[in-house]
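Enquirer: Have a look at this one before I ask anything.
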Amino acid sequence: ALTGVPIDRFAEVSLVGFYDITKALGGVQVCLNHAVSDSYSGAHFAAGVHTLNAAQALAFVRQRHGLDNGDLDRTHRQQAFLLSVTHALSSSGVFGDLNKLDALVTVAQRDITLSAGWNVVDYAHRIGDINGQSTRFTTLPVQRYDTIDGQDVNIIDPTAIRTQVQTAFGLIPPAPVAPGLRRRPGAGEPRAVPAPNHGPPVLSSPGGVPCVN
């Protein structure tokens, strides 16, 4: 209803899924543009490429404190992690080995909720078929943050969201969304604040490990 594009498949991955998949793979590589140290998530990493164990991977995808764009930057980390996992699966030959793939799917099924009728093994083979092609994760824009009924929420522009998603699927011509300042309501006179920065798309890289903040 929000995007005007049908959703054919739905998957929900719990945070422990990042832990279990990393453990099954024996480590996952990630890359950070800047050093981070966050006591809330336990993420303590220097800038550069790291091979994370399961506990470190969970800390990496959980961190939102100390990042310029909070949850939006955390989203980019999770996207980069998934790209690195896909690269690791391809380079280790898992997509071409049915026994290895079945074993990994068994691990993943503990942590993933799927829509009915979705054959994950067949889908994983399809992912393997597109290895080497560019994959692009795009985070939809947020106008501002707010608190409603005691809950932290993201305020979006439904028209802009619908335009961006339908344009990505080639359904309508692109319509520019002008950047600028948004007003955050609150006690007293509202003040102008910059719109949250949803950042550039997270792209697959030749080395398979995209760098993120």
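The values are calculated or read from the model by the stated rules, or taken from the named source; none is laboratory data. Since this is a predicted model, take the numbers as computed values, not measurements. Note that each Cβ is placed from the backbone with ideal geometry, even for glycine, and that neighbours are counted across all protein chains shown.
Enquirer: Would you check which residues across the range 103-126 are closer than 19 Å to TYR19 by Cα and loosely packed, with under 14 Cβ neighbours inside 10 Å and list them?
Expert: ALA103, THR106, GLN109, ARG110, THR113 - these are the residues of the range 103-126 that are closer than 19 Å to TYR19 by Cα and loosely packed, with under 14 Cβ neighbours inside 10 Å.
Enquirer: Could I ask something else about it? Please go through (1) part of a helix (DSSP H, G or I); (2) over 18 Å from the mean Cα position of the chain (by Cα); (3) surrounded by 15 or more Cβ atoms within 10 Å (Cβ to Cβ) for VAL94 and return the number of the only condition it doesn't satisfy.
Expert: Here VAL94 clears every test but (1).
Enquirer: Looking at ALA59, is it of a type outside the set (Phe, Trp, Tyr), at pLDDT 95 or above and within 30 Å of SER115 (Cβ to Cβ)?
Expert: Judged against the criteria, ALA59 is a match.
Enquirer: Taking the range 146-170, which residues are more than 15 Å from GLY4 (Cα to Cα), more than 19 Å from the chain's Cα centre (by Cα) and not in a strand (DSSP E or B)?
Expert: Within the range 146-170, ASP149, GLY150 meet the criteria.
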